[in-house]
Amino acid sequence: MQRQLHDRLKDAILAGRLAPGCLLPGSRALAEALSISRNTVTAAYNLLAVEGYVQPDRKGTRVATLIRPPSRARRAAQPAVPLPARLARIQSTVPPAEAGLALRPGVPALSHFPLADWRRAIDRAIHRAGSSALGYGDPLGEPALRTSIANYLSLARGVRCDPALVVITEGAQEALLLCVRLLTNPGDIAWIEDPGYRGAKAAMHSGDLRIVPKQVDADGLMVTEKDWRSQPPSLIYTTPSHQYPAGAVLSVARRLELIANARRHRTWIIEDDYDSEYRHVGAPIGAMQGLVDQAPVLYVGTFSKTMFPSLRLGFLVLPEALIAQMREPLTEILRGGHRYEQLALAEFIDSGEFSRHLSRMRRLYRDRQHSLREALTQHMRVPHVIEGGNCGLHLTMRLPAQYPDRAIADAAQRHGLAPAALSSFALQPRSQHNGLVLGYGNTSAELFSPMIRRLSQITLGAKVS
Ligand SMILES: Cc1ncc(COP(=O)(O)O)c(C=O)c1O
C-alpha cells in the first residue's frame with residue numbers, strides 16, 4: 001500500500017499533474033480518504049521527501065520544483081546523439097548472428113566440441129575453488145591459466161614467454177583494443193593488412209588512429225623501405241602465420257625485415273595468431289614473436305577457434321620491455337572475471353584434453369576442407385581461383401569482377417548460406433579483392449555439394465555485364 005501510494009504520487013509529480021510548490025493533503029486527511037492507516041501515508045511521504053520529490057515545511061508537505069523529463073512525444077522528436085567520429089568510421093559488414101551459419105568463416109565445429117568434458121572441468125573448478133573464486137581475481141588473469149598458456153605457447157608456437165607476460169583477455173578483440181589503448185595516441189599511424197581482419201580495423205578506429213592499408217601478396221604483408229621512411233607507424237597489425245583472409249604465410253625474410261625496421265622506428269607489431277593450431281599442410285610455422293630475442297611484438301591469441309567463440313577468452317603476451325610499465329595501468333583498467341572458466345581451461349590444457357581436442361578437430365577440418373575443394377571442383381561453374389587452405393577454417397575463392405561478391409553474399413544469405421564477400425575485408429577495394437571467403441569449420445562435409453551447386457547458381461545469377 002505504501003509503495004503504491006509512493007509510486008502514484010511520484011508519477012503525478014513527474015508528469016506535472018501535481019505542480020511544483022503545491023501542498024499535498026495532510027497525512028490524516030489522506031489516510032481517511034483512502035481508508036488506509038496514517039502510518040502508511042507518513043511512510044510514503046517520508047520516502048518521497050528522502051528522494052527529493054517533496055519538501056516538508058511548516059505548512060505541510062510541498063511538491064518540490066524539479067526539471068521534469070520531456071514528454072514522450074518531445075523525447076521522440078529529439079535528435080539522436082551523433083556518434084563520435086572514431087566510432088562512426090566503424091561500418092559493420094558482418095552478417096547478423098541469426099543468419100544461417102553454413103559456410104560462415106571463423107566459426108569452429110560447434111557440435112563437435114566435447115561439451116560433457118567441459119562441463120566436468122567447470123564442475124571440478126567450482127568444486128576446487130569453492131566460493132573463493134566468486135570474488136574479483138587477478139586483473140591480468142588467473143595465475144594457473146597464465147602458466148598453462150605460457151607453457152603451451154613455448155612448446156606449440158615457439159613463443160618466448162613467461163607467465164608474468166601473459167594477460168588474459170575477453171578474446172582476441174579485447175587484446176587488440178588493449179594494444180591500441182596502451183601503445184597509441186589519437187592520430188597515430190597504424191598499418192594494417194589489406195584485405196584484413198575487420199576486428200583489427202575497428203580496434204584501430206576506436207583509438208582514433210590513422211589507418212594506412214598495406215597490401216598483401218603470396219608472401220604476406222608487403223611493406224617497402226619507402227613506406228618506413230615516409231610514414232613510420234606506431235602500430236602494425238599482422239596475421240603472419242595465416243594472413244586473414246587471403247591465407248598467405250609471412251615469409252621469414254619479411255618477418256626479420258619487419259622486426260628490424262620496427263626496432264629502428266620504435267614501432268610495435270601486433271601478431272594475431274588466431275588459428276595456426278589448425279595447420280593442414282607441412283610443419284607448424286613458429287610465431288614471429290619467437291623469431292628473435294626481445295622482438296617488438298605483442299602476441300595475441302584466442303580460444304574462439306580452439307574451444308568455442310562464446311567462451312570469450314583470449315590472451316596477450318606483452319614484450320618484456322613493456323611489462324613493468326604496463327602492469328599498473330592494466331591492473332586499473334581490467335577486472336579479473338570468468339574465474340571458473342579460466343581455472344577449468346587451465347586444467348583442460350594441463351590434462352592434455354585440449355591437445356586431444358585439437359588433434360580431433362584438425363582431422364575433422366582437414367576432411368571438411370578436402371570435401372569443400374571437391375565440391376568446388378565439381379559444382380562451381382564460374383571461373384575462380386582458390387587460395388589459402390594450408391591452415392585454419394576457411395578457403396578464399398577469387399572471382400572475376402563481373403561477379404560482384406557483395407551481391408552474391410547478400411543473395412546467398414537468403415538461401416541460408418553465409419560466405420563473406422572478400423571485398424568487405426578490403427580497405428581500398430581493388431578488382432583482385434572480389435571473391436568469397438568460405439568457412440568450412442562449422443559445416444558438415446555432406447552438405448558441401450548441394451551448397452556449392454546452389455552457390456554456383458547464385459553466382460551465375462549475380463553476373464553483371
Ligand atoms: C583474424 C582474426 N583474429 C581474431 C579472431 C578471434 O577473435 P575473438 O577472440 O575476439 O573471438 C578472429 C575470428 O574470427 C579472426 O578472424
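Scanning residues 5 or more positions from His394 or on other chains, those with amide H under 5 Å from its amide H are Tyr440, with H placed 1.01 Å from N in the peptide plane. For Leu115 paired with Leu155, estimate the spin-label separation in nm (one decimal), with each label point 7 Å from Cα along the Cα-to-Cβ line. With each label point 7 Å from Cα toward Cβ, the separation is 2.9 nm.
Take 217-225, 130-138 and order them by the average number of nearby Cβ atoms within 10 Å per residue, most first; the result is 217-225, 130-138. Taking 0.36 nm per residue of sequence separation and removing the Cα-Cα distance, the Gln378/His280 pair yields an extension gain of 33.1 nm. What you get for the chain, charging only the Cβ of Lys and Arg (+1) and of Asp and Glu (-1), is a dipole of about 1560 debye around the Cα centre.
Projecting the Cα atoms of Ser276, Met288, Thr306 onto the charge dipole of region 230-316 (Cβ charges, centred on the Cα centre) puts Met288 farthest toward the positive pole. Taking 25 Å as the straight-line reach from the Cα of Lys305, the lysines in range (excluding those fewer than 8 positions away in the same chain) are Lys201. Using Cα atoms only, what is the angle between the long axis of helix 320-333 and the major principal axis of the chain, expressed in degrees (0 to 90) to the nearest 10? Tilt of helix 320-333: around 30 degrees.
Relative to the longest principal axis of the Cα atoms of the chain, the long axis of helix 2-15 makes an angle of roughly 80 degrees. Packing, taken as the mean count of other beta carbons within 10 Å per residue, orders the peptides 393-404, 275-286, 368-379 from highest to lowest as 393-404, 368-379, 275-286. Across the chain, C-alpha contacts under 8 Å between residues 6 or more apart give a mean separation that, scaled by the residue count, equals a relative contact order of 19 percent.
Using 0.36 nm per residue and subtracting the Cα-Cα separation, the extra length available between Leu66 and Glu32 on full extension is 9.3 nm.
Extension gain His415-Gln432, at 0.36 nm per residue separation less the Cα-Cα distance, in nm? All intermediate terms of the calculation are to be shown ahead of the outcome.
Details: separation 17, 0.36 × 17 = 6.12 nm, distance 2.58 nm.
Working it through step by step, the gained length comes to 3.5 nm.
For a straight C-alpha distance cut-off of 17 angstrom, the aspartates and glutamates reachable from Lys214 (same-chain residues fewer than eight places away being disregarded) are Asp188, Glu193, Asp194, Glu225, Asp227, Glu257, Glu271, Asp272. With R₀ set to 45 Å, the beta-carbon distance separating Lys463 from Asp217 gives a calculated FRET efficiency near 0.95.
Just to verify a number: FRET efficiency for Ser230 and Ala407, C-beta to C-beta distance, R0 = 41 Å, to 0.05? The pair Ser230/Ala407 has a calculated efficiency of 0.65. Taking 28 Å as the straight-line reach from the Cα of Lys10, the lysines in range (excluding those fewer than 8 positions away in the same chain) are Lys59. The angle separating the long axis of helix 339-350 from the principal Cα axis of greatest extent in the chain is about 20 degrees.
Coordinate-derived values only; no laboratory data. Everything quoted here is computed from the prediction, not taken from an experiment. When we count neighbours, we look across all protein chains shown, and the Cβ atoms used for this are built from the backbone with ideal geometry, even at glycine.
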